[in-house]
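Report on the structure given below.
The values are calculated or read from the model by the stated rules, or taken from the named source; none is laboratory data. Quick caveat: nothing in here was measured; it's all calculated off a predicted structure. Here the Cβ positions follow ideal geometry from the backbone for every residue, glycine too, while neighbour counts run over all protein chains shown. Areas reflect the complete protein model, heavy atoms only, side chains present, ligands, DNA and RNA absent. Shrake-Rupley method; radii C 1.70, N 1.55, O 1.52, S 1.80 Å.
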Amino acid sequence: MTSAPSVRGRWIENWDPEDEEQWERGGRRTARRNLLLSVLSEHIGFSVWSMWSVLVLFMSPKIGLDFAPDEKFLMVVVPTLAGALLRLPYSYAVTRFGGRNWTVFASALLLIPTLLTVYFVQRPGTELWVFLLIGASAGAGGGNFASSMTNITAFYPQRHQGWALGVNAGGGNLGVAAVQLLGLLVISVAGDTHPAYVAACYLPLIALVSLLAALRMDNVAVVRTPPGAQREAAASSHTWWISLLYIGTFGSFIGFGFAFGLVLQSQFGSTPLQAASFTFLGPLLGSLARPAGGRMADRWGGAQVTLWSFAGMAAGIGVLLTATRSGSFPLFVTGFTALFVVSGIGNGSTYKMIPVVFARQAETAVTSGHDAAAAFARARRLSGAVIGIAGAAGALGGVAINLAFRTAYGQLGSGEAAFYTFLLYYGLCAALIRAVYLRGERSSGAQPPARKAQASHVR
């Protein structure tokens, strides 16, 4: 007999999305409501996190904030690094305090870096270290991704997680494009001397999202994990293989998102308006591509789709190298935009691999005589932990990309060396997929064959 979930306060007990009867009787509606609010919170988090990719375009002698190109690259490196480092504790925080509770806190916390930004970007002569500290605090927005993804994993059955995680992450990733569009709007309407307007627009949005999360989200008891889940996940080789792949996919997306405007200024001498006119397009299309990557992985397998993505990203780098040598601005923008789209697909497909890998391990354990409920509970616990670890590693890839650009443009005056480095890494990731996940008759990233067994393991 199916046990219905019970609600105590804002905690839902006995939640089991793999139970098809429970899912159809109301579980789907509950999951979608929490997914929607999770997307909104993560979207605002990404906007605050990536805001410095826009603010650096405003900084010039005209507003009394004159910094060298390598200092501007440093301003986008610091929030990227802080966001990466916060992803592990944020992922764990959901398992300790609950998805709804942590979303309310994490969303409201974004008021601090946003208020500091509004105040200090209006003060001529503010020193670099002040902006670096504010940028580090904005990294809290990057941490929201890990807590949000860990939470949503608990709400959806494994057969729908490719889509659900893709929508959640894609909606969050859209925050990068949104803040860049806002920057373009501010520059077009008010000129390039009012960076505070960009940050000020987010203050009421942060307050609204925090309130909605408090009123309408739920905590799910099954998201609670015993201490040591991340240590247990760290002992699995799949955790680190998938993290390396995510460095290539998400690291490219967020690294290019933070650096695109500065790259256009460094490579082609673009004005703030010219740079802002193009920087939003790639993150926008890449974010929309992420759910598609999840859907494709649901159908063809995460490893196969991720392999295709790395092939496409390598081709995009080839376009950038050609555009750099020919000095073609349109071709350069086209190549960068293609990189965003393909990396977005790879983001969705790589994350789809996480629950599938551990679900297959659970199936193996069940066929060996272990308890099904315990095996699949362990799979969910490890999936949530790996999402946090891989998310942190992927964001560190963004740090590496911005450091590579800082070195290439600061010391060599061209981005070619950085592009060749990225090309080499994509080749290594493709080789890894073929060796670990596509060796043998079936892909470890493919849809598990025993879907029915997963859906009924509690009956």
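For residue 70, the conditions (1) in a helix (DSSP H, G or I); (2) crowded, with 21+ Cβ neighbours inside 10 Å all hold with the exception of (2). Yes or no: residue 392 at pLDDT below 80 and not in a loop (DSSP other than H, G, I, E, B)? So residue 392 fails the test. State yes or no: is residue 138 open to solvent by 10 Å² or more (accessible area, probe 1.4 Å), closer than 26 Å to residue 279 by Cα and within 18 Å of the chain's Cα centre (by Cα)? In short, no. Does any residue of segment 178-199 turn out to be within 18 Å of the chain's Cα centre (by Cα), open to solvent by less than 20 Å² (accessible area, probe 1.4 Å) and not small (Gly, Ala, Ser)? Yes, segment 178-199 has at least one match. Among the residues of segment 322-357, those identified as open to solvent by less than 10 Å² (accessible area, probe 1.4 Å) and over 26 Å from residue 148 (Cβ atoms) are 323, 332, 335, 336. The selection criterion, being in a helix (DSSP H, G or I), surrounded by 21 or more Cβ atoms within 10 Å (Cβ to Cβ) and not β-branched (Val, Ile, Thr), does not hold for residue 277.
The condition of being open to solvent by 10 Å² or more (accessible area, probe 1.4 Å), over 20 Å from the mean Cα position of the chain (by Cα) and over 28 Å from residue 265 (Cβ atoms) holds for only one of 23, 15, that being 15. What about residue 87, is it open to solvent by less than 30 Å² (accessible area, probe 1.4 Å), in a helix (DSSP H, G or I) and under 25 Å from residue 163 (Cβ atoms)? Taking the combined requirement at face value, the residue satisfies it. Restricting attention to segment 164-172, does a residue exist that is within 21 Å of residue 22 (Cα to Cα) and either open to solvent by 10 Å² or more (accessible area, probe 1.4 Å) or not acidic (Asp, Glu) (or both)? Within segment 164-172, one or more residues are within 21 Å of residue 22 (Cα to Cα) and either open to solvent by 10 Å² or more (accessible area, probe 1.4 Å) or not acidic (Asp, Glu) (or both). A single member of 319, 305 is without any contact (Cβ under 8 Å) to a residue 40 or more places away in the chain and either within 22 Å of residue 243 (Cβ to Cβ) or out of contact with any Pro (no Cβ under 7 Å at 6 or more places or on another chain) (or both), and it is 319. Yes or no: segment 409-429 includes at least one residue that is under 25 Å from residue 317 (Cα atoms), modelled with pLDDT under 90 and of a type in the set (Ser, Thr, Tyr). Within segment 409-429, one or more residues are under 25 Å from residue 317 (Cα atoms), modelled with pLDDT under 90 and of a type in the set (Ser, Thr, Tyr).
You will find that of 67, 73, 58, 46, the residue that is under 21 Å from the mean Cα position of the chain (by Cα), over 28 Å from residue 233 (Cα atoms) and aromatic (Phe, Trp, Tyr) is 73 and no other. Of all residues in segment 120-135, those being open to solvent by 10 Å² or more (accessible area, probe 1.4 Å) and either of a type in the set (Lys, Arg) or without any contact (Cβ under 8 Å) to a residue 40 or more places away in the chain (or both) number 6. For segment 99-113, which residues satisfy the criterion of being surrounded by 18 or more Cβ atoms within 10 Å (Cβ to Cβ) and more than 20 Å from the chain's Cα centre (by Cα)? Of everything in segment 99-113, just one residue is surrounded by 18 or more Cβ atoms within 10 Å (Cβ to Cβ) and more than 20 Å from the chain's Cα centre (by Cα), namely 101. As a summary of the residue check, residue 96 satisfies the conditions (1) surrounded by 17 or more Cβ atoms within 10 Å (Cβ to Cβ); (2) closer than 26 Å to residue 228 by Cβ except for the one numbered (1). Just the residues that are over 13 Å from the mean Cα position of the chain (by Cα) and within 27 Å of residue 84 (Cβ to Cβ), please, taken from segment 159-176. Across segment 159-176, the qualifying residues are 161, 162, 163, 164. Pairing residues of segment 177-190 that are under 14 Å from residue 118 (Cβ atoms) and among the hydrophobic types (A, V, I, L, M, F, W, C) with residues that are open to solvent by 40 Å² or more (accessible area, probe 1.4 Å) and modelled with pLDDT of 90 or more, at Cβ distances under 7 Å and at least 6 apart in sequence or on separate chains, gives 182/201; 186/194; 186/197. Among the residues of segment 326-341, those that are part of a helix (DSSP H, G or I) and without any contact (Cβ under 8 Å) to a residue 12 or more places away in the chain comprise 326, 330. Per the conditions (1) hydrophobic (A, V, I, L, M, F, W, C); (2) open to solvent by 40 Å² or more (accessible area, probe 1.4 Å); (3) within 23 Å of residue 385 (Cβ to Cβ); (4) at pLDDT 90 or above, the sole criterion not satisfied by residue 215 is (3).
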